[in-house]
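Read through the structure below, which is laid out as structure tokens, and then see the notes.
What follows draws every value from the coordinates through simple rules; no lab data is involved. Because the structure is predicted, anything quoted here is derived from the model rather than measured. Virtual Cβ from ideal backbone geometry, glycine too; neighbours counted across all protein chains shown.
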């Protein structure tokens, strides 16, 4: 596996560990319970992250397919990380964001179903990116509605940061019930 992919996948692995650890701090019988009427439950948070990662997978897969069709070469460039100022903003829980409707959780999933969706979405993202291992993914970009043009590696880093943001949200919920 190309070192750029190894690096961004390690970030994704670490963020998933954080999400799991955060969920484990919430009593099992409260994971479907909303801490307030205007806040998501743990199950809804996990469902949301899965929905976002599915969207990211679609964006990345389309961008890679177009680049391949245009003759995408082998990777020779240095990896440009997700901009640090953006990464701080992703993690900043003091700034509340409203998720677009397409990634709003339905609330119909229990934690087990949400975890399955989360695992499948993560695997889909990995598969889409891994299928282009060794290609110049640093040159394959797609626009994000907030962060602007991101290359494939940056999309994976954004997914990891998004997971960390929601791990913090889950820890906030846990603090209410301990």
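The residues of the stretch 143-161 that are within 17 Å of residue 13 (Cα to Cα) and out of contact with any helix residue (DSSP H, G or I) (no Cβ under 6 Å at 6 or more places or on another chain), listed by number, are 154, 158. Against the list (1) under 30 Å from residue 151 (Cβ atoms); (2) crowded, with 16+ Cβ neighbours inside 10 Å; (3) within 23 Å of the chain's Cα centre (by Cα), the condition residue 41 fails is (1). Of the listed requirements (1) free of Cβ contacts under 8 Å to residues at least 12 places away in the same chain; (2) under 18 Å from residue 6 (Cβ atoms), residue 129 misses just one: (1). Of everything in the stretch 13-22, what is closer than 17 Å to residue 128 by Cβ and in contact (Cβ under 8 Å) with a residue 24 or more places away in the chain? Give them in sequence order. The one that is closer than 17 Å to residue 128 by Cβ and in contact (Cβ under 8 Å) with a residue 24 or more places away in the chain: 16. If you go through the stretch 123-157 and keep only what is buried (at least 21 other Cβ atoms within 10 Å of the Cβ), under 13 Å from the mean Cα position of the chain (by Cα) and within 21 Å of residue 47 (Cβ to Cβ), you end up with 125, 155, 156.
Conditions tested, residue by residue: (1) closer than 20 Å to residue 109 by Cβ; (2) in contact (Cβ under 8 Å) with a residue 12 or more places away in the chain; (3) touching a helix residue (DSSP H, G or I) at 6+ places or on another chain (Cβ under 6 Å).
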residue: 2; (1), (2), (3): no, yes, no
residue: 11; (1), (2), (3): no, yes, yes
residue: 24; (1), (2), (3): yes, no, no
residue: 27; (1), (2), (3): yes, yes, no
residue: 33; (1), (2), (3): yes, no, no
residue: 37; (1), (2), (3): yes, no, no
residue: 42; (1), (2), (3): yes, yes, yes
residue: 54; (1), (2), (3): yes, yes, yes
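The requirement of being in contact (Cβ under 8 Å) with a residue 24 or more places away in the chain, more than 15 Å from the chain's Cα centre (by Cα) and assigned to a helix (DSSP H, G or I) is not satisfied by residue 120. Summed over the stretch 127-150, the residues that are in a strand (DSSP E or B) and farther than 15 Å from residue 65 by Cβ give a count of 5.
Is it the case that the stretch 53-68 has a residue that's surrounded by fewer than 20 Cβ atoms within 10 Å (Cβ to Cβ), within 13 Å of the chain's Cα centre (by Cα) and closer than 16 Å to residue 115 by Cβ? Yes: one or more hits. Considering the conditions (1) assigned to a loop (DSSP other than H, G, I, E, B); (2) surrounded by 19 or more Cβ atoms within 10 Å (Cβ to Cβ); (3) under 17 Å from the mean Cα position of the chain (by Cα), residue 167 is excluded by exactly one of them, (1).
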